[in-house]
């Protein structure tokens, strides 16, 4: 990956904000960048989430949910003028003991190349840096194997049982 | 419950902060109060959590986790001088779309009288007021029936699957 398409620290910070870092790319022609600082265009974010089959949510509510999230990660396809959002995930939590991962999405054009795993690894590293001990998530049945392969434990495992409640 | 031991709004606010409200009590001699505003003594909180069998956690980390929680509810046994913390729960979340309930505890001396259910109802009402659509929690096996009886859905239910990951 450290090849002709690696980006300088200056370009990374200028375009993607502090702490941005390159993501190993499956394609030498494509540079990918993780960023927690680059603001999201909420329409672009909704398009990404819709591309993986999620229902649209009111932009005003999504904005507040993002503001209140502990961690928001964008995976960007680098372009000096028009970086494209090709992956996303966010976490909520208390910032200390536990966190829950939501809205993990990789655009269908970029799936199947290990980027989902890179994205999850990035998130777990960042949560680990905060000292968070336990991470949870709720997954659709179609991606259960994806998480099992990465060492996640499916609940109820005998130790803890997961519940779900809709207030609507 | 609206009997000789009901508390005036003035006493409720003075002792337990804004928005405090009485919890139906199983015993006329005991007044119980839900409060989100009354500060916790972290030693008393740890004693409560230890009384239901949870391991102790560093106070400094618990303080930060509380600060970062979306909702913290104390259930107090009223006393004009020394209110006692007999129940507790907290939620994390984005304040908009979803919340997760953690650390639900009712002191063993007060269990078996419906207070756990009252506490959960209180929390779900407060989350509903915020407009939160989905609430999740992780439960120990011993209290699975408790949540099932209250309308929670055990995962994986076919719709969503819960995962768990320890970073330690």
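Please treat every number below as a calculation from the coordinates, not as lab data. Model, not experiment: these values are computed from the prediction. Backbone-built Cβ (ideal geometry, glycine too); neighbour counts: all protein chains shown.
Details
- Residue-averaged beta-carbon neighbours from other chains (10 angstrom radius) around A:149-156: 5
- Percentage of interatomic Cα-Cα distances in the range A:27-98 larger than 15 Å: 58 percent
- Equivalent ellipsoid, the protein assembly as shown (semi-axes from 5 times Cα gyration tensor eigenvalues, Å): 42, 20, 18
- Beta bridges from DSSP with both residues in the range B:73-168: antiparallel share about 75 percent, rounded to the nearest 5.
- Computed packing ranks the peptides A:148-156, B:71-79 as B:71-79, A:148-156, most packed first, by mean other Cβ atoms within 10 Å.
- Helix A:42-51 and the longest principal axis of the C-alpha atoms of chain A enclose an angle of approximately 70°.
- Highest to lowest packing among A:43-50, B:118-125, scored as the average C-beta count within 10 Å: B:118-125, A:43-50
- Relative contact order of the range B:4-165, defined on C-alpha pairs under 8 angstrom at six or more residues apart (%): 16 percent
- Protection proxy ranking of A:126-139, B:92-105 - average other beta-carbon atoms within 10 Å, highest first: B:92-105, A:126-139
- Average partner coverage of B:68-76, which counts Cβ from other chains inside 10 Å: 2
- Spin-label pair residue A:117-residue A:51: with each label point 7 Å from Cα along the Cα-Cβ axis, the two points sit 2.2 nm from one another.
- Residue mean of other protein chain beta carbons inside 10 Å, A:94-107: 5
- Computed [θ] at 222 nm, helices only, for the protein assembly as shown once each DSSP H run of length n ≥ 4 contributes -39500 (n - 2.57): -8500 deg cm²/dmol
- Principal axis extents of the Cα atoms in chain A, from largest to smallest and rounded to whole angstrom, are 50, 34, 30.
- For the range B:1-92: relative contact order, % (alpha-carbon pairs under 8 angstrom, 6 or more apart): 24 percent
- Cβ crowding within 10 Å, taken as a proxy for footprinting-reagent exposure, orders A:146, B:40 from fewest neighbours to most as A:146, B:40.
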